[in-house]
1. Here's a check for you: in the stretch 99-119, which residue that is modelled with pLDDT of 75 or more and of a type in the set (A, V, I, L, M) is nearest to the chain's Cα centre (by Cα)?
2. Please verify whether V155 is more than 15 Å from the chain's Cα centre (by Cα) and at pLDDT 95 or above, treating the condition exactly as stated.
3. So, of the residues in the stretch 132-162 that are of a type in the set (D, E, K, R) and in a helix (DSSP H, G or I), which turns out to be nearest to Q81 (Cα to Cα)?
4. Check whether at least one residue in the stretch 185-200 is over 19 Å from L102 (Cβ atoms), modelled with pLDDT of 90 or more and not aliphatic (A, V, I, L, M), and report yes or no.
5. Having 3 or more residues that are touching a helix residue (DSSP H, G or I) at 6+ places or on another chain (Cβ under 6 Å) and either touching a residue at least 40 places away in the same chain (Cβ under 8 Å) or open to solvent by less than 40 Å² (accessible area, probe 1.4 Å) (or both) is the bar; report the strands (runs of 3 or more DSSP E) wholly within the stretch 1-108 that clear it.
6. In this structure, is L226 within 24 Å of the chain's Cα centre (by Cα) and more than 20 Å from C306 (Cα to Cα)?
Amino acid sequence: MASLSKRQLQLMEHAAKQRLPRVKFTADWKKLYQLWQIGETDGTDKYLYLTANDYVLLRNMAQIDSGLDILALDFDVPRQQMSQLSTNEKYANISPEADYVLIKLAPNLSQDQVTDLAPDAVVDLLSVHNCSLRLKVDSAIALCQRLNLTNLIVVENLDSFDHFFANLFTSELQAFINNCMVLYRGSHDYSPAGRKRFLHLLESLNINVIGFTDLDPAGLMIANTLESCCSIIVPQLALASPDKLLALAQINSTDDFHKQHKQWAYLNNLYRDAHSGDKSDSQFSASSVIYNPQWLALVQWLGQHCVSIKQQHMLAKSMSLTLLNIHCSE
């Protein structure tokens, strides 16, 4: 097992690439000196002096110990790839859970498109049985490109992800649904790390990112902070007839709303700052973003009536779901 830490390798990389004549004799350098006796101390244990020959020795010893070249370090790889180079696969920055996402494709995607990528049995699983796929992030990105997808819907809860296409959508929203990939946001057995990496890589593909969350403070906060998310799926009644929505039996949990006081504080501050006219000190506003007044009105209504409506209830009550933009360009 490699005895060097990632930090120690990075310290050697920095010094070797810069050809520093001396380095501060820190705890990490002291350990390296004890291991290999490379370099000369200044007698006061403040600095370690290194020559060109010392750097050649450091490079060789580090490669023997770790399997890695300190002049060509690359930790941004999956563990499986790192294991081909080093006995310490945990050097890899991309942990196993950060290399996979859980996705599914819209049933209405053209079968011709999918057939080009997979055998008939796989097409049947995707389009008829509505199966989910656990894909490597890079593979999911490639699939978006090959299918020319325009919309990605990120779902907060796993069971709502599983039953996403059973929801009722407005005709406007259905147009987005027909050409979309659905992504589970991640939690518990499915780490959010893969979703974060996927969304980061997706930025260059010009794909609409849409959030589908609970209609509560936590859900709206998730949608507003989700990378590249520009809109959110909400019950149509929340916008057209909010009183009718709250009149439905067994639909709203005010107790759950009050458990989300931190998330509500975030939204309340956002709403206040958006109406203050002074955004200079706001941590929620950006000069290039204007929040949609309809979305801000939804935030205000949520707080006034202590609303917490779950995705599962939206499906159980056969609510018509629609699309709401979170913000718009100036």
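1. Going through the stretch 99-119, the residues modelled with pLDDT of 75 or more turn out to be 99-107.
Narrowing further to those that are of a type in the set (A, V, I, L, M): 101-103, 105-106.
Working: V101: 10, L102: 12, I103: 13, L105: 19, A106: 21 Å.
The qualifying residue nearest to the chain's Cα centre (by Cα) is V101.
2. Details: more than 15 Å from the chain's Cα centre (by Cα): no; at pLDDT 95 or above: yes.
Considered against the rule, which asks whether it is more than 15 Å from the chain's Cα centre (by Cα) and at pLDDT 95 or above, V155 comes out as no.
3. Kept after step one, since they are of a type in the set (D, E, K, R), are these residues of the stretch 132-162: 134, 136, 138, 146, 156, 159, 162.
Still in the running and in a helix (DSSP H, G or I): 138, 146, 159, 162.
Numbers: D138: 14, R146: 25, D159: 33, D162: 31 Å.
Looking at residues that are of a type in the set (D, E, K, R) and in a helix (DSSP H, G or I), I get D138.
4. We begin by selecting, within the stretch 185-200, every residue over 19 Å from L102 (Cβ atoms); these are none.
Looking through the stretch 185-200, none of the residues is over 19 Å from L102 (Cβ atoms), modelled with pLDDT of 90 or more and not aliphatic (A, V, I, L, M).
5. Details: elements: 22-24, 47-49, 100-105.
The strands (runs of 3 or more DSSP E) meeting that bar are 100-105.
6. Details: within 24 Å of the chain's Cα centre (by Cα): yes; more than 20 Å from C306 (Cα to Cα): yes.
Answer is yes for this residue.
The values are calculated or read from the model by the stated rules, or taken from the named source; none is laboratory data. The shown structure was predicted, so the numbers you read here are calculated from the model rather than taken from an experiment. We place every Cβ from the backbone using ideal geometry, glycine too, and count neighbours over all the protein chains shown. All accessible areas refer to the heavy atoms of the entire protein, side chains included, with ligands and DNA or RNA removed. Shrake-Rupley method; radii C 1.70, N 1.55, O 1.52, S 1.80 Å.
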